[in-house]
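A quick write-up on the structure given underneath.
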Amino acid sequence: MKGSLVIVAFFAVGCLAGLWTEPDMQGSSLSTWVLYALMFCVGVTLGNDRTLAGRVRRLDRRLALLPVATAVGTLGGAALAAPFFGADSAVTSAVDSLAVGAGFGYYSLSSIFIADLRGAELATVALLCNILRELFTLLAAPLVARWFGPLAAVSIGGATTFDTTLPVITRAAGRPYAVVSIFHGCVMDFSVPFLVTFFCTL
């Protein structure tokens, strides 16, 4: 929860700073270099976990379909939500809605991709939607696990189940699902750059 609030605070400060910067500064390539740094950090995080491969190999093979189910459900929901946006909103088509949904809660990475490929307005929508997904998971995971089962609690977290929402999901779903949560988040993390780029370039 604290991490999400810090991100929102930095976003607000960035908006205020943007009001005082020159237009040519706003078009700089800084966001691209930040994106490279984020991709590097994701790689370092995965590479440092020496036990991840072994834990994944011991999983029930049927659980490998959970990230696929999460992706299909998220993108299906995003497509269904597209008609409810107004014609003058940032989300002007189903493709825009799918690009936002393909962030799967990974607000930092997906927002930078969308800002570079589609513009700041849609990137802002993606940032807020994906932050809200993480906050919802942090708050609702216990109820979701109780009402719909432990796998549902993992699924709602999207890409965040690898790190920020892992403790909450482990408490809500039970310790046996910690490895499932890590595997699920890892796969979703990897899919974000490819799916967001795909939908942004359609």
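Is it true that I169 is hydrophobic (A, V, I, L, M, F, W, C), touching a Gly at 6+ places or on another chain (Cβ under 8 Å), assigned to a helix (DSSP H, G or I) and buried (at least 20 other Cβ atoms within 10 Å of the Cβ)? Criteria met by I169. Is one or more of the residues making up the stretch 101-116 free of Cβ contacts under 8 Å to residues at least 60 places away in the same chain and farther than 14 Å from A159 by Cβ? The answer is no; no qualifying residue exists.
For the stretch 66-84, residues that are of a type in the set (A, V, I, L, M, F, W, C) and modelled with pLDDT under 90 total 3.
Just one of A94, A153 is of a type in the set (A, V, I, L, M) and at pLDDT below 90; which is it? Only one candidate passes the filter, namely A94.
If the condition is being free of Cβ contacts under 8 Å to residues at least 24 places away in the same chain and either aliphatic (A, V, I, L, M) or buried (at least 21 other Cβ atoms within 10 Å of the Cβ) (or both), then the stretch 178-196 contributes only A178.
The values are calculated or read from the model by the stated rules, or taken from the named source; none is laboratory data. Remember, it's a predicted structure, so these values are computed and weren't measured experimentally. Cβ: placed from backbone, ideal geometry, glycine included. Neighbour counts: every protein chain shown.
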